[in-house]
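Each remark here refers to the structure printed beneath this line.
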Amino acid sequence: MEHMGHITVILSEAVPEHKHTLTSLVSKVRQLTPEIERAVEDVEDVCKQLELNTLSAEVKISTLFSDLSAMLEDRKQEMLSELAQASSVKENVLLEQKHSLEDQLARMERCCSITEDTLKSGKDTDIVMVKKEMTGKVRDSFLLSSLRFDFQSFTDTFPMTTANRSNVGNFKLEKALLKTQPSFSV
């Protein structure tokens, strides 16, 4: 076989050599095939294990966050309950203080009305009697005891368990009330 300027070999001589080379290549490839098939199986096994691990991790994560959500909701409800209870107690104390002050105010108004009526239309002896009686009542009843009613500073800390304190902190409810002092004298 001749081709322009190239070395030529007879086809019948070249084919056996090509067959031998190709047979050798096929043999080497066939020897590698089991290794590659095992590698493919290994990759498939790893993929299956990855899928199982991923599903397991998803379940664990979902369960963990469900548990955390439930614990947070429980703690929230507990704290709201503590707040409502403390607020209720304080509201009751404030209502008692308000009623006490209103009762005292009503007594003071009655005393003042009696005194003013006596001053307008009373006799001299009535005025002397009312002065003596009112001075004692005002001094003893109003000024020395009830009018020195001392309001509390409503400051409470809602403590949390030691384990949760560093993570969540303390919650404070503050309500300061003014102290009253009598502004009249007898």
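Quick notes on this structure:
- Order of 112, 47 - criterion: other Cβ atoms within 10 Å of each residue's Cβ, fewest first: 47, 112
- Remark: 115, 125 ranked as 125, 115, counting other beta-carbon atoms within 10 Å and listing the fewest first.
- Using the alpha carbons alone, the radius of gyration of the stretch 22-116 stands to its Kirkwood radius in an Rg to Rh ratio of 1.85.
- Relative compactness, the stretch 66-109, computed as alpha-carbon Rg over 2.2 N^0.38 Å: 2.04
- Ranked list, fewest to most other Cβ atoms within 10 Å of each Cβ, for 79, 108: 79, 108
Every number in this text was worked out from the coordinates using simple rules, so none of it is lab data. Since the structure is predicted, the reported quantities are computational estimates derived from the model, not experimental observations. Using ideal geometry, Cβ is built from the backbone for each residue, glycine included, and neighbour counts are taken over all protein chains shown.
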